[in-house]
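Scroll down for the structure; my scribbles are underneath it.
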Amino acid sequence: MAAVAGMTGGEGSPPPVRVLIVDDDALVRAGLSMILGGAPELRVVGEAADGDQVPAAVAACAPDVVLMDIRMPRVDGLAATEALRALPRPPEVLVLTTFDADDQVLRALRAGAAGFLLKDTPPAEIVRAVCRVAAGEATLSPTVTRQLIRHVTAAEPAGGDPRRDRARRLLAVLSEREREVALALGRGRTNAEISAELFMSVATVKAYVSRLLTKLDLNNRVQVAILVHDAEL
């Protein structure tokens, strides 16, 4: 593992987003480091070659965002993500995968990952995705969110009622307006689209999303979308 010292932005600009790259393929790490290192708004602060190196790397490098491979030889990205999200102030996690409908990706999203990136994502989109996650936004477009939800449907076991019942109990504590926002998230709507649909400002939508995450004890809007689907609403 190699760490790179963090730097602040220029005068009057915010500091760059600190990124930790976790992948067992040295070529993938090198490629991602080159892509992200060329963006002035990002700073690669470290690398790790396996999930068991993540706790020490996070402690040493203090990243804002972790790019996390799923399949690694000793500790996979799912276990590493679950461990990170249990920290008092965890970094955001972006899952790296070669598949767009992988069961392990869905498990990582349930564990609290902010989204996923395909390894063949264009460089500019990788940079934008990392910046969005650092700003507290989901990295999944509405189209991808709907694709994931469809995959959840196909993956649910026949005896999935306990998950549905739990989801309905959680959503039952929401106010009518909070429920409307949750349902919109379940349909993969962006903040701007929810604003137009529900006749509220984007700032108000963001406030409702934050309230939902706190009330439902979730990490991000993707988890809200999955919860809405689990409830079969």
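Structural remarks
- Residues whose amide H falls under 5 Å from that of V17, counting only those 5 or more places apart or on a different chain, are L42, R43, with hydrogens built in the peptide plane.
- When the residues T97, T190 are ordered by accessible surface, computed with a 1.4 Å probe over the protein chains alone, the sequence from largest down reads T190, T97.
- Computed packing ranks the peptides 45-53, 122-130 as 45-53, 122-130, most packed first, by mean other Cβ atoms within 10 Å.
- Residues whose placed amide H lies under 5 Å from that of L96, excluding near-sequence neighbours: M68, D69, I70, L117
The values are calculated or read from the model by the stated rules, or taken from the named source; none is laboratory data. Here the structure is a predicted model, which is why all the values come from computation and not from measurement. Every residue, glycine among them, receives a Cβ derived from its backbone with ideal geometry; neighbour counts consider all protein chains shown. Only protein heavy atoms, including side chains, enter the accessible area calculation; ligands, DNA and RNA are left aside. Shrake-Rupley method; radii C 1.70, N 1.55, O 1.52, S 1.80 Å.
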